[in-house]
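Please read through the structure below; I'll follow up with questions.
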Amino acid sequence: MSKVSTSDFRNGMVLELNGELYSITEFQHVKPGKGPAFVRTKLKGIVNEKNIEKTWRSGEKAEDVRIEKREYQYLYNNGEIFFFMNNETYEQSPVNASQVQRKDFLVEGESCNVLFNADDEKVLYVEPQDHIEAEVEKTDPGLKGDTAQGGSKPATLSSGAVVQVPLFINEGEKIRVDTRTGEYIERAK
């Protein structure tokens, strides 16, 4: 870890505060007419997902943390531990369930993103790809004449997630889903 000055702050930079990692989502340099300059920041927790605001004196130093995102393959889980495989070295990495985000969208055998602290190679968290293809395992049957504008219904995917889909989607079809919002995108081609 290295120290960075407030003048080096950029959106997306990861800082360590009180033992927690936070990403800068917004920052603003402020020069009031009276008194010293300061930097107002909005931060989002990397692991805890808390949103906080912090004001820094101009020139103050902070701990910068280098984060690496690597693509791994999701293998399986035993409830408490999720197992992922590095696609290049075939090394398996166990990860606690608390470090896995949006678990409902993980599909066995599919790739996902594992974020590491680049300094100590420690896993920070795991997230599925932004868009996945999954098969609809359970949903109510569509009725003749249903259209895309006719509404939506819940559908359970092969990954276990429940998403809202248009009425014309049937069981057994593959669909694309945005895992960040949980929304249906389109039928898979």
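No lab work stands behind these numbers, since they all come straight from the coordinates. Keep in mind the model is a prediction, meaning the values are calculated, not measured. No Cβ is skipped: glycine too gets one built from the backbone with ideal geometry, and neighbour counts run over all protein chains shown.
Just give me the residues in region 158-178 being closer than 15 Å to E108 by Cα and under 19 Å from the mean Cα position of the chain (by Cα), in sequence order.
The answer is S159, G160, A161.
Restricting region 32-52 to residues that are among the basic types (K, R) and part of a loop (DSSP other than H, G, I, E, B), which is farthest from I67 (Cα to Cα)?
K34
Please work out if E68 is in contact (Cβ under 8 Å) with a residue 12 or more places away in the chain and either surrounded by 16 or more Cβ atoms within 10 Å (Cβ to Cβ) or within 22 Å of D119 (Cβ to Cβ) (or both).
yes
Then there's this: Give region 2-31 a look and list any residue that's within 16 Å of K44 (Cβ to Cβ) and not in a strand (DSSP E or B), or say none.
F9, R10, N11, G12, M13, N18
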